Each structure stands twice: as C-alpha cells, then as structure tokens.
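**Q** Mind looking over this structure? Questions follow.
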Amino acid sequence: MTDPVRDLSPFFAPSSVAVVGAGERPTSSGGAVMQMLRQAGYGGRVVPVNPRGGTIFGYESVTSISAIDRPVDLAVIVIRPEAILDAVGEAADRGIRNLLILPGGFAEAGPVGVARNEALLTLAARRGLTVAGPNCAGIVHLDPARRFAATFLRDLPPGNVAGARHGLAFISQSGALAEEFIDKANARGLPLMSVVSVGNAVHLGVEDYLGWLGDRPEIGAALLYVESIDDHERFRAIARQVAAKKPVVALFGGRTEIGGRAAGAHTGAVANDDAAIEAFCASCGIVRVTSLRRLLIAAKAFGCFPQGLGRRALILSNSGGPGVLCADRAALEGLDLAALPPEMGDVLRQQLPAEASVANPVDLLADAREDRFGLTLEAAMTHGARAYDMILMIHVVPFMVDAQPVIERLAELAADARLPLMHSMMGTLPGKTDWFATMERTGVPMFNDVEEMAEAAGLLASYPSLRSAANAASVSDLPPVTFKSRKTP
C-alpha cells in the first residue's frame, strides 16, 4: 500500500519561521535567506537566531533556539554542518517539528558526512521530526494567500502573470537548474509560482513535493527535473494521482550511459536507459520531455492551457516558409492538420486575394493587414470551431505593414475566441515587448518562432490521453515496469 501524501503546509505556507544562522550580510547564507523572505513579502512571524543578538533585517533576533518564546512552524537552518545536529536537537527540545536544512556536509560528503546523515535520521526518527534537505537551495511558494521564500537562490520567480490561468511548480534535484528555471521564467513571463530544490531528500523526495503541490488549486501544472528515485512504485502512484487532475511534465537526467554516470556521481542515481525512462513516464501519466528547452516550452504551454488541448490544429500564416516549417513540426509532434471545412474555404476564397493559399496552412500573403487577419480568424471561429482544437497563428512583419493594428485586431478577437489560440511573430519586431504583452493579456501564449509554437501544441495534445489513462486504471492494474530505484532491497 502506498504511503499517504505528507502534509507539507509548514514548508510552503508556515505561519511562523525561525532562521537559524540569520545575518545581515546578503552574501552570507543566513543573510540571503532573510533577504529573500523580505523580497517575497512573507507576512508571518519571523524569528532570526544569531548568537550575537540584535536586530536583523528589521526583526529582533534571539541568541539561541531555546530562547524562541514559542515554537515556530518551520526552522530554516543555515549554519556550518558540524553544528547542525546540535541545532536539530535544540529545535526538537523547543517543540519545533519541521526543519529545512540548506547546507551540505551529509551523505554527499564522504564518510564523515554519511555518519552525520545517519545521526540526523536517527535523531529525527526518535524526536518525530520532518526534514527537508539537507544540501538544498530551499523552497519558494508565491501563493498570493501567503507568499513564502526560504532560499538562497538569487531571484524569485514571477508568480502570477497576466493571462495565465494557474501557476506552475518546478521541483528539481538540481539547485543550479532551479536557479536557471527562475531566470528563464522571469525572462519569458512564465507563471512560475513554486520552486523546490530537493537536495539529499532524507525525508522529502520529489514525490512528496509533487503530491502536496499537485493538490493545490493555485498550481495548474507540475514540472520536474529528476535523476534518481528511491521508491519508484510510490513515485508512480503519486504521479498518477496528480496526472489524473493536472499535467506532470518531467525531464529525467542521465538517459545516456555517460549521463547516467554523471547522475550517479551527483545524486546517487542508478542508470536507466532511455526506453526504460519512456515506459516509466508513460505508466506514471507523465508528459516526458528530453531537454531543458522542451521543459521551458511545456511551462509556457501548460501555463496557459493547463488541461491540454486536442490534436486538430489549424495554421493561419501570412508567410509561406514559416507556415511550411510549422506544418512540418506539427506533423512530427503528432498533430492533425485537417482540411478546411467547406464553408470556411468558400468564405476565404471569396474574400482573400486570388494568390492566397486557402488550405491548411492558410497563407494570407505577406502584405496582410488587420482586415485580412481579422476576417480569416472570424471565419475560423464561425466555421471551424467543431473541426479544430486550436489555431496556430504566424505573423511575419514586413516593412510595408504596420503591425500594431494587426495586433489590436487579433487581441480584440482573442478575448472572445471560441478556439484556443497561440501566436508566433517572426522577423525584426520593433514593438515586440508591447505586442507580446497585448496578446498575452488576452491569454494567447506568444512565441519567437513557429517551431517552438508547434512543439508547445504537441506537448499540450499529449496530455489528455495520459490524463484519461491515469483516471482509467489503478496502479495495481498496471503491468510491471522495469525501472531501477536509487535504493534497492
């Protein structure tokens, strides 16, 4: 029987937090955590712990854990490794049961670290503690109801963004990739709300975080970076529970022989070949990607359409070459580029220039302005709503056309669109920032190139069948999957 999902509220939405090793210097671990709590706008009780006492980031500190006047929901520990076990014991004495340990120096740090790790496990079991980490970069959860960040990552993710229906969670077995994902989320306007650096996972593994975040209504999709799994059956059971409600997208590191060796050195992973990973992801209901680039594309796509989309796509373009590339990539992604409904074809042949291509893709020609884009999109909505599941729009901006009125017309129609829309703009785009923002405020994801847009559409189309499969059968009904766990009997 699968262990129940842990309640991780104290780690994501604590009402009170102590920072053991707090400091004023932002370049120190304790200073960085205090700074990020403030930047996140955390509104709960904060108790800095520092032997020197005094005021730290505006909070009156205490000189020891035992001096905390009443227990806190979470203690964040950022002191030297050799002092951590004593701090954990002191926290237990003070009635603090949940600990986030950021420093390393445990199982990854040779014989001394292994011994320290075993002592931590023994102490936690004896005192009834739950430990996140150690050797991790922390946790961020920007739920508007309680924004929280206990981390020394350099920046916070965007949280809610205009046009996004739900937030995204990223759970990573690499702190560096967590930092990279935050950076890209800010650059691309992804609605990344939660970030977890798993670390050594003495108690809380990827599946524990996935189970808790997957049950949060503010999270629309979960994204994972995974190298090793301790209990693949428990992981699979939890992943399927989440995937039955919302997308789980995973990038597994170590799918090649040399990459597997590197993952073994990093997280103690046991190498699995690509076919084993593919079969395991399918049995979990996971949308699998094989690169960080694809994981970021999936974040863009599921941030806008968290329940996925069907496979029937209409491509609407004002340029032949990009339309061809989009069609190629769409076909490779398994999308169905069905012929135009007869009524739609009749309307377009009557109103578009004779040189336009009335097919799928539709080619409006390079000099298309807002009237041509508008009438074609209206015709698609009127006559194609039952024939297609999405429209992929391509907009190349030639020198003789003002793009602003085109964007304004498309945004106006998108507000009441009967079909999901995605839009790609190519070429020299002097107003790119404003044009992208205008469209994304209406819920239309914007892309720099047509192939990424088609990849996003393919990822969205892969989820509904996985969701149906996750809902159709229990784990006990599934055939066994050969997948090696990090810890084997």
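The values are calculated or read from the model by the stated rules, or taken from the named source; none is laboratory data. Since the model is a prediction, treat every value here as computed from it, not as a measurement. Reconstructed Cβ throughout: ideal geometry from the backbone, glycine too, with neighbour counts over all protein chains shown.
**Q** Please state which of the following conditions residue 400 fails to meet, knowing it meets all the rest: (1) modelled with pLDDT of 95 or more; (2) over 27 Å from residue 185 (Cα atoms).
**A** Condition not satisfied by residue 400: (1).
**Q** Sticking with this structure for a sec: Can you tell me how many residues within segment 286-331 are among the aliphatic types (A, V, I, L, M), under 24 Å from the mean Cα position of the chain (by Cα) and not in a loop (DSSP other than H, G, I, E, B)?
**A** Adding up the residues that qualify gives 10.
**Q** Go over the candidates 53, 30, 23 one by one and state the one that is in a helix (DSSP H, G or I) and more than 22 Å from residue 159 (Cβ to Cβ). Step through it out loud before you land on a result.
**A** On the way: 53 fails: in a helix (DSSP H, G or I); 23 fails: in a helix (DSSP H, G or I).
When all the criteria are applied, what remains is 30.
**Q** Just to be sure before I move on: is residue 307 surrounded by fewer than 15 Cβ atoms within 10 Å (Cβ to Cβ), out of contact with any Cys (no Cβ under 7 Å at 6 or more places or on another chain) and in contact (Cβ under 8 Å) with a residue 24 or more places away in the chain in the structure I sent?
**A** Here the answer is no, as residue 307 does not meet what is asked.
**Q** Still on this structure, I have one more. Between a first residue in segment 320-341 that is over 18 Å from residue 462 (Cα atoms) and a second residue that is among the β-branched types (Val, Ile, Thr) and part of a helix (DSSP H, G or I), which pairs have beta carbons less than 7 Å apart while being 6 or more apart in sequence or on different chains?
**A** 322/450; 325/450
**Q** Same structure, new question: Within segment 102-119, is even one residue modelled with pLDDT of 95 or more, under 18 Å from residue 10 (Cβ atoms) and touching a Pro at 6+ places or on another chain (Cβ under 6 Å)?
**A** no
**Q** Could I ask something else about it? For segment 18-40, which positions are crowded, with 24+ Cβ neighbours inside 10 Å and more than 23 Å from the chain's Cα centre (by Cα)?
**A** 18, 19, 20, 21, 22, 30, 34
Here is a yes/no grid of residues against (1) within 20 Å of residue 206 (Cβ to Cβ); (2) of a type in the set (D, E, K, R); (3) in the same structural domain as residue 31 (by TED's automatic domain parsing); (4) surrounded by 19 or more Cβ atoms within 10 Å (Cβ to Cβ):
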| position | (1), (2), (3), (4) |
| --- | --- |
| 53 | no, no, yes, no |
| 69 | no, yes, yes, no |
| 83 | no, no, yes, no |
| 96 | no, no, yes, yes |
| 102 | yes, no, yes, yes |
| 119 | no, no, yes, no |
| 125 | no, no, yes, no |
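**Q** Look through 92, 75, 149 and report the one residue that is modelled with pLDDT of 95 or more, closer than 21 Å to residue 6 by Cβ and in contact with a Lys or Arg (Cβ under 8 Å, 6 or more places away or on another chain).
**A** None of the other options fit; the residue is 92.
**Q** Next question. Which condition from (1) buried (at least 24 other Cβ atoms within 10 Å of the Cβ); (2) touching a Ser or Thr at 6+ places or on another chain (Cβ under 9 Å) is the one that residue 185 breaks?
**A** Condition (2) is where residue 185 drops out.
**Q** Right, next: With respect to residue 312, is the statement that it is among the charged types (D, E, K, R), over 24 Å from residue 434 (Cα atoms) and surrounded by 14 or more Cβ atoms within 10 Å (Cβ to Cβ) true?
**A** yes
**Q** Pick out the one residue from 367, 371, 416 that is assigned to a helix (DSSP H, G or I) and without any contact (Cβ under 8 Å) to a residue 60 or more places away in the chain.
**A** Result: 371 is the single residue among 367, 371, 416 that is assigned to a helix (DSSP H, G or I) and without any contact (Cβ under 8 Å) to a residue 60 or more places away in the chain.
**Q** Working carefully through the options 270, 226, find the one that is within 14 Å of the chain's Cα centre (by Cα) and either closer than 30 Å to residue 166 by Cβ or at pLDDT below 95 (or both). Before you say what the answer is, go through the steps one by one.
**A** On the way: 270 fails: within 14 Å of the chain's Cα centre (by Cα).
Exactly one residue qualifies, and that residue is 226.
**Q** Another question, if that's okay. Might you let me know whether segment 374-395 holds any residue that is farther than 22 Å from residue 454 by Cβ, within 26 Å of the chain's Cα centre (by Cα) and among the aliphatic types (A, V, I, L, M)?
**A** No, there is no match, as no residue in segment 374-395 is farther than 22 Å from residue 454 by Cβ, within 26 Å of the chain's Cα centre (by Cα) and among the aliphatic types (A, V, I, L, M).
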